[in-house]
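**Q** After the structure tokens below, expect a handful of questions from me.
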Amino acid sequence: MADLICVRQNAYYDSVTLMTLSNKLKKMEGVQDAVVSMATDMNKELLAGINLSNAEVEAAGANDLLIAVRADSDELCQQVSEQVDVLLAANGKGGKKKTEQTFRTIAQAKGAEPELNLAVISVAGKYAAREARQALKNDMHVMLFSDNVTVEQEKELKEMAHEKGLLVMGPDCGTAILNGVGLCFANQVRRGDIGMVGASGTGLQEVTVLVDRLGGGVSQAIGTGGRDLSADIGGRMMLDGIDLLDADEATRVIVLISKPPVKEVADKVLARVARCKKPVVVCFIGAAGGEDVPGAVFAKSLDDAARKAVALSKGQALEEEAPFQAPAALLEAAKALAPGQKYIRGLYCGGTLASEALYEIAKECSPVYSNVAKKPEQKMKDLAVSEAHTIIDLGDDAFTVGRPHPMIEPELRNDRLLAEALDPETAVVLLDFELGYGSHEDPAGVALEAIRAAQEKNLAAGRKVLFVGYILGTDSDFQNYAAQRAALEEAGVVVAGSNLDAVRMALAAVNGR
């Protein structure tokens, strides 16, 4: 066994690139561990925890690059180090123009390109607020992809943005579509007259995708970050987003998307909705709807929000959703489940989709547990152990420390997928697959080996488990929706047309057989 540890001073790369690179290196034969990361305090602690640290690492600064490898031989360690350069160089070539410039500060970029009006910030949370503040001082909107920004910093940044007539989308904002341009995790959808403000990343993605499938289009999709509707922040960016969309000539219908806000913030948002000149579809997932608010149309689900928004956009009457009917083949397959197989195990890459699944399953089943649950009785006791019906958001901070988000690297889900599928109490494994900008190039393909292994092992044990999946994406996304769906269906996965329908299928399998 051999170790290689080196520090490259002032060699900055974004964390997403480095985490994806590290994962590729770990797959090399003979490599026990490999970490390529910036020398933040957290990353240095992670290296110390696996005994791949030294005095040089401890002295490194946040703009220094760390490379640490543990492999079968010194020669292999050196090969891995050389592969780092190859992969970083290949990543750097993608799409670069000859006129591209690199700037070390936001102020420097603004000075060279005065027309710049948006900064996407993805740095360690410790430094994110500082960079966002600099962008605002330079009259730039901010999309703050970084997490681990304090509530106090978020409040300060959003108040500063409000005073300057700017947006701070985030922190931990994963999705936006501005003037037809998708930012971070977003899908390729058609332009149209439906504008959205969402305090939930995959929730915003889901509604944009469903609007596209229903023949509608998106004018703007503004993310706010998940804490925006908390009592501390007070819905500052959602309120400003509503103002912008209400004044936007290209927007005819407004959609608001969030997990249930605290009451005082919900009241504030709905009071603003009542003053809108345009119809507003309100989807607070899991909250009771139907309040008497002028101009507001309340949606029961993300599906319902998309359907109602498209109807309003086209001037059509709002109709009740048709009753759900599970596929006959799924119900027939459920008859083969053993009596002890009675639980749904959801393994989600998208947090809002996990929340929607939890809400829908809890309406029919008990007990149900999740790491995104707000009710104390629904919270998981141990994130490593599923019991009864369990819905897990694998993109939660507890799973992503020092690792890429599962939408970027879905292979991180495979071990848990196999374990859940082999549990004798599992009836249905519920999965999501996100397409679009920022997501893995082949999310379905990454899961196929684990799905097939689970089926073979269960067959050998004399039982079977059902796989139900949902692909969040459009025909225009680069991952090729049709090919993704075909690959899953060939592997025996029942693919639903929406996250809600996937959950309904899982419920039908466990309750309707």
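The values are calculated or read from the model by the stated rules, or taken from the named source; none is laboratory data. Because the structure is predicted, anything quoted here is derived from the model rather than measured. Cβ coordinates were reconstructed from backbone atoms using ideal geometry, including for glycine residues, and neighbour counts include every protein chain displayed. The protein model used for the area step is the full one, side chains on, heavy atoms only, and it has no ligands, DNA or RNA in it. Shrake-Rupley method; radii C 1.70, N 1.55, O 1.52, S 1.80 Å.
**Q** Between rounded, prolate and oblate, where does region 311-387 land on the alpha carbon gyration tensor, with a ≥ b ≥ c its root eigenvalues, rounded for a/c under 1.5, else prolate if a/b exceeds b/c?
**A** Working: a/c = 2.63, a/b = 1.32, b/c = 1.99.
The shape class here is oblate.
**Q** Considering only protein heavy atoms, what per residue accessible area in square angstrom results for region 1-157 with a 1.4 angstrom probe?
**A** 55 Å²
**Q** Work out how much length R213 to D14 would gain on full extension: take 0.36 nm times their residue separation and subtract the Cα-Cα distance, in nm to one decimal.
**A** Fully extending the segment from R213 to D14 adds 68.3 nm.
**Q** Okay, moving on. Using the heavy atoms of the protein chains alone and a 1.4 angstrom probe, what is the accessible area of region 217-330 per residue in square angstrom?
**A** Details: 4960 Å² over 114 residues.
Solvent-accessible surface per residue comes out at 44 Å².
**Q** Find out how many positive minus negative residues lie around A129, taking Lys and Arg as positive, Asp and Glu as negative, among other residues whose Cβ is under 14 Å from that of A129. Please list the in-between numbers first.
**A** Working: positive: K126, R130, R133, K137, K155, K158, R227; negative: E131, D147, E152, E154, E156, E159, D172.
In short, 0.
**Q** A follow-up question, please. About its Cα centre, how strong a charge dipole does the chain have in debye, to the nearest 20, once Lys and Arg get +1 and Asp and Glu get -1 at the Cβ? Can you show the working numbers first?
**A** Numbers: 54 positive and 72 negative charges, 180 e Å.
Using Cβ point charges on Lys, Arg, Asp and Glu, the chain gives about 860 debye.
**Q** I'd like the carbon and sulfur percentage of the solvent accessible area for region 97-215, probe radius 1.4 Å, heavy atoms only, ligands and nucleic acids excluded.
**A** Whole-percent figure for carbon plus sulfur exposure: 50.
**Q** Still on this structure, please answer the following. Testing the spin-label approximation: label points 7 Å from Cα along Cα→Cβ at K379 and A90. State their distance in nm.
**A** Result for the modelled spin labels: 4.4 nm.
**Q** What does the C-alpha gyration tensor say about the overall shape of the chain? Classify as rounded when a/c is under 1.5, otherwise prolate if a/b is larger than b/c, or oblate.
**A** Because a/c hits 1.5 or more and a/b fails to exceed b/c, the chain counts as oblate.
**Q** Taking a threshold of 18 Å on the Cα-Cα distance, which of the pairs K335/K464; K137/K164; K24/K457; K126/K155; K44/K126; K126/K381 fall above it?
**A** On the way: K335/K464 11 Å; K137/K164 9 Å; K24/K457 27 Å; K126/K155 16 Å; K44/K126 14 Å; K126/K381 29 Å.
Cα-Cα > 18 Å for K24/K457; K126/K381; rest within.
**Q** Another one. Can you order the peptides 201-207, 379-385 by their average number of other Cβ atoms within 10 Å per residue, highest first?
**A** Ranked from most to least packed, the peptides come out as 201-207, 379-385.
**Q** Report R463's accessible area, 1.4 Å probe, all protein chains in place, as a number in Å² to the nearest 10.
**A** Surface accessible to solvent at R463 totals approximately 60 Å².
**Q** How high is the relative contact order of region 1-76? Use alpha-carbon pairs under 8 Å, at least six apart in sequence, and give a whole percent. Please report the intermediate quantities before stating the final value.
**A** Working: 135 pairs, mean separation 39.6, N = 76.
The value is 52 percent.
**Q** A follow-up question, please. Once you place label points 7 Å from the Cα toward the Cβ at D248 and E489, how far apart are they in nm?
**A** 3.4 nm
**Q** Name all residues of region 1-34 having a backbone nitrogen under 11 Å from the label point set 7 Å from the Cα of Q79 along its Cα→Cβ direction, giving them as ranges.
**A** Those under the cut-off are 28-31.
**Q** Given labels modelled 7 Å from the Cα in the Cβ direction, how far is it in nm from Q108 to A317?
**A** 6.3 nm
**Q** Hey, if you put +1 on the Cβ of every Lys and Arg and -1 on every Asp and Glu Cβ in region 405-498, which of G436, P410, Q455 ends up farthest toward the positive end of that dipole?
**A** Q455
**Q** Given contacts defined as C-alpha pairs under 8 Å and at least six residues apart, what's the relative contact order of region 1-143, whole-number percent?
**A** 26 percent
**Q** Now for a separate question. Can you sort D72, D292, D423 by solvent-accessible area, 1.4 Å probe, largest first?
**A** On the way: D72 90, D292 150, D423 40 Å².
Ranking D72, D292, D423 by accessible area, largest first, yields D292, D72, D423.
**Q** Multiply the residue separation of D139 and R403 by 0.36 nm, subtract the distance between their alpha-carbon atoms, and state the gained length in nm to one decimal.
**A** In short, 91.7 nm is gained.
**Q** First select every other residue whose beta carbon is under 10 angstrom from the beta carbon of V253; then total the charges, Lys and Arg +1, Asp and Glu -1.
**A** Result for the neighbourhood of V253: +3.
**Q** Further, regarding this structure: Would you mind checking which residues have amide H under 5 Å from V372's amide H? H placed 1.01 Å from N; only 5 or more apart, or other chain.
**A** Long-range HN contacts for V372: D393.
**Q** Now for a separate question. Computing the accessible area with a 1.4 Å probe over protein heavy atoms, can you report the carbon and sulfur percentage for region 285-376?
**A** For region 285-376, the apolar C and S fraction of the accessible surface comes to 53 percent.
**Q** Next question. Compute the separation of the alpha-carbon centres of region 377-442 and region 277-323 and state it in Å as a whole number.
**A** 30 Å
**Q** Moving to a separate point now. Is region 426-471 best put as rounded, prolate or oblate by its Cα gyration tensor, with a ≥ b ≥ c the root eigenvalues, rounded for a/c under 1.5, and otherwise prolate when a/b is larger than b/c, oblate when not? Kindly include the intermediate steps, with their values, before the conclusion.
**A** Working: a/c = 5.30, a/b = 2.17, b/c = 2.44.
Oblate shape, in that a/c is at least 1.5 and b/c is the bigger or equal ratio.
**Q** A follow-up question, please. Provide the per residue accessible area, probe 1.4 Å, for region 380-493, rounded to a whole number of square angstrom.
**A** 40 Å²
**Q** Could I ask something else about it? Relative contact order, percent, of the chain when contacts are C-alpha pairs under 8 Å separated by at least 6 residues?
**A** With pairs under 8 Å counted, the relative contact order is 10 percent.
**Q** Let me ask something additional. Show me the ranking of peptides 319-328, 111-120 by mean Cβ neighbours inside 10 Å, starting with the highest.
**A** 111-120, 319-328
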